[in-house]
Protein chains: 2
Amino acid sequence: MRHARLPASEEIAIEDVFHALSDPFRLEIVRRLAVEGEASCQALEGDRPKSSVSHHFRVLREAGLIRTRNEGATRMNALRREDIDRRFPGLLSCVLSARNS
Amino acid sequence: MRHARLPASEEIAIEDVFHALSDPFRLEIVRRLAVEGEASCQALEGDRPKSSVSHHFRVLREAGLIRTRNEGATRMNALRREDIDRRFPGLLSCVLSARNS
DNA sequence: TCGATAGTTCGATATTTTTCGAACTTTGGC
DNA sequence: GCCAAAGTTCGAAAAATATCGAACTATCGA
């Protein structure tokens, strides 16, 4: 398996973060990871085909928002809280507390 | 001139805001408006054709980030600071203090 | 009234994203 | 070794965005 490019904390670009969060499904993933701590891709997929789910996780990973670790045959995803907070203080807490309507 | 749809503060959707800010040119516009207070479209265009500039201002307007007021033949644009702060506390200050590298 | 200036709108093309099936990889269990 | 489970990758097609010229609108000044 080729290794996914994970930007270092200082390399996280705010445009990429914004783009990643502009999709409702990805935003939902981020919010759930914030609550659940870690989760497999499958645990968060909402009836979507796995290639689509994989695509969205990749966007989040490449933007620097999540980290993925292998646990046997499954991958556990987690928010990169400290990294994001260090790079963009306040952003995550704003995203997580923002409510619709 | 048809009236541009401006979402009310409570109607501002975070996905739309993120999408609007995911473009480097639009992000730059927001940052400059934060510093300059008000500016015409032309003052912020960077050699782009005016139809493109107009498009980007429209995306910002429809996302709820800026407000445009007519002043004679020109339009003055301003950040909707209070509205954004009320709707998503911390977001704007995070955007404005985030620096590249 | 005639320009000139500042934007907007329209339409067409180009670029980027999204979506999803099929084939492939990796790991664990039998 | 073989099979199932969990993802990834590839490729193609669909959808959304961006770009830009041309025509149009509104306002100010001479």
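The values are calculated or read from the model by the stated rules, or taken from the named source; none is laboratory data. Not measured: the values here are computed from a predicted model. Positions of Cβ are backbone-derived with ideal geometry, glycine not excepted, and every protein chain shown enters the neighbour counts.
Computed quantities for the displayed model
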{"item": "Flag for A:Val59 being touching a Gly at 6+ places or on another chain (Cβ under 9 Å), surrounded by 15 or more Cβ atoms within 10 Å (Cβ to Cβ), modelled with pLDDT of 95 or more and not small (Gly, Ala, Ser)", "result": "no"}
{"item": "Sole exception among (1) within 13 Å of chain B (Cβ to nearest Cβ); (2) more than 20 Å from A:Ser9 (Cβ to Cβ); (3) not in a helix (DSSP H, G or I) for A:Arg75, by number", "result": "(1)"}
{"item": "Residue match in the range B:20-39 (condition: polar (S, T, N, Q), outside any helix (DSSP H, G or I), within 16 Å of DNA strand D (Cβ to nearest atom) and closer than 21 Å to A:Ile84 by Cβ)", "result": "yes"}
{"item": "Residues (surrounded by fewer than 18 Cβ atoms within 10 Å (Cβ to Cβ) and either within 14 Å of chain A (Cβ to nearest Cβ) or within 11 Å of DNA strand C (Cβ to nearest atom) (or both)) located in the range B:17-38", "result": "B:Asp23, B:Pro24, B:Phe25, B:Glu28, B:Arg31, B:Glu38"}
{"item": "Condition check for B:Gly64: within 14 Å of chain A (Cβ to nearest Cβ), touching an Asp or Glu at 6+ places or on another chain (Cβ under 9 Å) and more than 8 Å from DNA strand C (Cβ to nearest atom)", "result": "yes"}
{"item": "Filter result (aliphatic (A, V, I, L, M) and surrounded by fewer than 18 Cβ atoms within 10 Å (Cβ to Cβ)) within the range B:77-101", "result": "B:Ala78, B:Leu96"}
{"item": "Exclusive hit being within 19 Å of A:Pro89 (Cα to Cα) and part of a loop (DSSP other than H, G, I, E, B), set B:Arg48, B:Arg99", "result": "B:Arg99"}
{"item": "Scope the range B:78-97; condition among the small types (Gly, Ala, Ser) and more than 14 Å from chain A (Cβ to nearest Cβ); matching residues", "result": "B:Ala78"}
{"item": "Test set (1) over 22 Å from B:Ala13 (Cβ atoms); (2) more than 8 Å from chain B (Cβ to nearest Cβ); (3) in a helix (DSSP H, G or I) - A:Glu10 fails condition number", "result": "(2)"}
{"item": "Test result for B:Arg5, over 22 Å from A:Glu15 (Cβ atoms) and either under 12 Å from the mean Cα position of the chain (by Cα) or not in a helix (DSSP H, G or I) (or both)", "result": "yes"}
